[in-house]
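The values are calculated or read from the model by the stated rules, or taken from the named source; none is laboratory data. Quick caveat: nothing in here was measured; it's all calculated off a predicted structure. Note that each Cβ is placed from the backbone with ideal geometry, even for glycine, and that neighbours are counted across all protein chains shown.
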Amino acid sequence: MTPKELTNSEFFTLDIGGMTCASCVGRVEKALGKIPEVEAASVNLATEQAKIRIKAGSISLADIIKLVQKTGYEAKESSARGKLDQSIAKSFWAADGLGRVILSFLLSAPLFLPMFFMPLGIHWSLSGWWQLALATPVQFVFGWRFYKAGYKSLKAGAGNMDLLVALGTSAAFGLSLYLLLASTHTHELYFEGSAVIICMVLLGKWLEARAKQQTSEAIRALQQLWPEHAKVLNAGLELQGNAGVSPEQYRDLPLDQVLPGDRVVALPGERIPVDGVIILGASHIDESLLTGESEPIKKTHGSKVIGGALNGEGALVIVAEAVGIESVLSKIIHLVEDAQTQKAPIQKLVDQVSAIFVPTVILLAIFTGIGNWLYFDSTSIAILRAVSVLVIACPCALGLATPAAIMAGTGVAARFGILIKDPQVLELAHKLDIVAFDKTGTLTVGKPRMLALLPFNLSSVDGGQILATAAGLQLGSEHPLAKALIDSAKEKNILPIAASASKALPGIGIEGIPSAGVFAGQTLRLQSVASLDDSTHYPIILEKAESYFNQGQTVSVLMNAGSEITAVPTPIAIIAFGDELKPNAHEAIHTLNVLDIRTVMLSGDNLAAATRVGKKIGIDEVFAQILPGNKAEIIQKLQTAPEGRKHFVAMVGDGVNDAPALAMADVGMAMSTGTDVAMQAAGITLMRGDPTLVADAIDISKKTWNKIRQNLFWAFAFNTIGIPMAALGYLTPMLAGSAMALSSFCVLSNALLLKRWHPSHR
């Protein structure tokens, strides 16, 4: 991909070929770490990629690739983000392809099938020369990859799994060849052992390749959402009302040729190719693969759409705002890819263990051979048991345990609108005991509405006139309460009365002179209750507003600032605004309480209003009248318990004003519809503004962490039990090869069980 600069650094992603185990990962990282210009490097076995950060302009990518290749591995720059990797489907005859597995088993079958007839008293086997003829192509044609990779690892001054397989099978093959040349007793030959080991390792490699593909399904599913072409309207074409668009009015362009500002047509049933705004048409849009929202959403003129979403029943014309790598879909893929290629802290420990694993195993095999030779005085027994140790100790399962679980967990979470971009979250989520919520936009809709208009003199002025006048004062204002007034007037089909001499009064409100209606020519102000504390009418205003305050609402007062009729400012009406709670806010808090997680709400409202909201949905503790900058301090205090032990705190916010608190929290969750700031602000991004996703995010994080622990337990247990059994002769080389392949397959299969996860609130 194209490197992007950040703080005088450049980032690259390399595709690494030839890695077979966790030891390979450590060797590539060690090689990269020796390059002075490389600031940081992380290699992932499951994705076969290396993430590298270097000092800007200090070394070329080509030089880094050459240095990696010197260690015995293939390296090339990763393909650009946003393009479907066509190489995922491996060739039938590729190194990890099924064709090689089938042919190797067909050649090996006559060698090992006679073993199954022995319990029946049938002792038959091929002659030694036939066994040699069948085993040789398996050993040196299908097994050549192990010699090649093993040689490269030796050349680099280290060992890997391929070296273990090459040494073990060569020892068994060489012993058999020696016995064949020295004797005619074919029952003492072990050609079937070396052949079956290679067959089982090849089978294990094929199963691993298939499982890796399955763990990456989420990425591929997202990549496939992009159509290859977009229908772009001809320049200068004027759209006529709701008239449809005919084929001669647009042309098909490759998606990478579409630019911001182009008008793009999306026909019914097609994927929307770009992020943009609808300027013509209406339809229901299915964004389920992007946001996890199960129901199609109604979109009309002025609605924003996300590239990759599925258009419903209506034709749309969309003005492109973001295309290619700038689109929401590309950024989602970016986040999921990064999460799957980064390492959880526990994986770093595994890599350190694996780095010394192969040389340790080779020494154990040597000691096993010498010990058995001295005890049994038998060269064949000593070699076979040493071979078994070499084969069963291949650390594939250990290297795949963590990345496979991370890939599966983050992939399935992304399908339901939960983007986990920081693997460290997986190790912290199961410890969470406090979740702190920002109120506005997180637990509430985040869009104030006018809830009540109460005239002071109920008989003199019609409420519609008051609303038209108040809305007219706010025309042109971007304030949320101004929009709420204008929207309310629109809903009631009331035309706002324009005002002249409008001006904002900092800390007070807005002032203007209506051009028509009963208040024409009078100077009116729409101001806060607090700004009227020196007014003679303040006690009665406060009395009328008290009930609205207690319900957590914001109150403004429409005042006559003075006229020929009256020189004293008089109240006309009080207007209450409310930011409604989200329908499932109570359910979200209840679910966390059931999980024994304490809930906290951070709000800038007054204490009475915030407490009322918190009590309504079951919040355990409320912090009111909090400025955005103080939220991080509260998170820090929550993390330190009075008894001295640490609390693990998650912060849920909108990703903009809450960024410091999101960063301070152990786990940050940003509510988002795909905005840049929200995506980068926290370890988890919730693609829907649904607070129930918080519990779901914690749930999938816990399940992924449990899978990591399960995989590591079984991987370590397998080697801990298997190596002594092989050294003592309880596992033949053939059984050791089968067990090694089975262990890797079991680890990957266990990780893939995460794909069955579904949010509990769908």
Which helices (runs of 4 or more DSSP H) does the stretch 336-419 wholly contain that include 1 or more residues that are at pLDDT 75 or above, surrounded by fewer than 24 Cβ atoms within 10 Å (Cβ to Cβ) and not aliphatic (A, V, I, L, M)? 357-376, 379-392, 396-415
Tell me which of these Leu428 doesn't satisfy, since it passes every other one: (1) surrounded by 19 or more Cβ atoms within 10 Å (Cβ to Cβ); (2) closer than 25 Å to Cys24 by Cα. (2)
Just to verify a result, which residue in the stretch 239-283, among those that are small (Gly, Ala, Ser) and surrounded by 19 or more Cβ atoms within 10 Å (Cβ to Cβ), is modelled with the lowest pLDDT? Gly281
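Given the options Asp533, Asp579, name the one that is among the charged types (D, E, K, R), closer than 30 Å to Phe437 by Cα and out of contact with any His (no Cβ under 9 Å at 6 or more places or on another chain). Working first, answer last.
Values: Asp533 fails: closer than 30 Å to Phe437 by Cα.
Just a single option satisfies the conditions, and that option is Asp579.
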Go through the stretch 465-508 and report how many residues are crowded, with 21+ Cβ neighbours inside 10 Å, among the small types (Gly, Ala, Ser) and not in a helix (DSSP H, G or I). 1
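For the stretch 16-69, which positions are polar (S, T, N, Q) and either more than 24 Å from the chain's Cα centre (by Cα) or at positive phi (or both)?
Restricting attention to the stretch 16-69, the residues satisfying the condition of being polar (S, T, N, Q) are 20, 23, 42, 44, 47, 49, 58, 60, 69.
If the condition is that a residue be polar (S, T, N, Q) and either more than 24 Å from the chain's Cα centre (by Cα) or at positive phi (or both), then Thr20, Ser23, Ser58, Ser60, Gln69 are the ones that fit.
Determine which member of the set Gln625, Gln636 is without any contact (Cβ under 8 Å) to a residue 40 or more places away in the chain, outside any helix (DSSP H, G or I) and not assigned by TED's automatic domain parsing to the domain that holds Ala499.
Details: Gln636 fails: outside any helix (DSSP H, G or I).
Checking each option against the conditions leaves just Gln625.
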Looking for something outside any helix (DSSP H, G or I) and either at pLDDT 85 or above or small (Gly, Ala, Ser) (or both) - is there at least one such residue anywhere in the stretch 700-717? no
Of the conditions (1) within 29 Å of Ser701 (Cβ to Cβ); (2) at pLDDT below 85; (3) not in a loop (DSSP other than H, G, I, E, B), Arg612 clears all except one; give me its number. (1)
Assigned by TED's automatic domain parsing to the domain that holds Leu454 and free of Cβ contacts under 8 Å to residues at least 12 places away in the same chain, is that true of Ala573? no
Per-region count, the stretch 429-450, residues more than 17 Å from Pro583 (Cα to Cα) and at pLDDT 85 or above: 7
Among the residues in the stretch 34-47, are any closer than 27 Å to Ala401 by Cα, modelled with pLDDT of 85 or more and outside any strand (DSSP E or B)? no
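Leu475: outside the structural domain of Arg688 (by TED's automatic domain parsing), touching a Ser or Thr at 6+ places or on another chain (Cβ under 7 Å) and closer than 21 Å to Ser515 by Cβ, yes or no?
Numbers: outside the structural domain of Arg688 (by TED's automatic domain parsing): yes; touching a Ser or Thr at 6+ places or on another chain (Cβ under 7 Å): no; closer than 21 Å to Ser515 by Cβ: yes.
The answer is no for Leu475.
When the stretch 509-542 is examined, which residues are found to be assigned to a helix (DSSP H, G or I) and either farther than 20 Å from His479 by Cβ or of a type outside the set (S, T, N, Q) (or both)?
Applying the first criterion (assigned to a helix (DSSP H, G or I)) to the stretch 509-542 yields 530-532, 538-542.
Listed by number, the residues that qualify are Ala530, Leu532, Tyr538, Pro539, Ile540, Ile541, Leu542.
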Which listed residue, of Ser125, Ser170, Ser153, is buried (at least 17 other Cβ atoms within 10 Å of the Cβ), farther than 30 Å from Val274 by Cβ, of a type in the set (S, T, N, Q) and modelled with pLDDT of 80 or more: Ser170
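I'd like to check something: does the stretch 75-94 contain any residue that is among the hydrophobic types (A, V, I, L, M, F, W, C), modelled with pLDDT of 75 or more and either surrounded by 14 or more Cβ atoms within 10 Å (Cβ to Cβ) or not assigned by TED's automatic domain parsing to the domain that holds Thr20 (or both)? Don't jump to the end; show me each part of the working.
The initial filter retains those residues of the stretch 75-94 that are among the hydrophobic types (A, V, I, L, M, F, W, C), namely 75, 80, 84, 88-89, 92-94.
Checking the rest, the ones that are also modelled with pLDDT of 75 or more come to 75.
After this cut, where a residue has to be either surrounded by 14 or more Cβ atoms within 10 Å (Cβ to Cβ) or not assigned by TED's automatic domain parsing to the domain that holds Thr20 (or both) as well, the list is 75.
Looking for residues that are among the hydrophobic types (A, V, I, L, M, F, W, C), modelled with pLDDT of 75 or more and either surrounded by 14 or more Cβ atoms within 10 Å (Cβ to Cβ) or not assigned by TED's automatic domain parsing to the domain that holds Thr20 (or both), one finds at least one in the stretch 75-94, hence yes.
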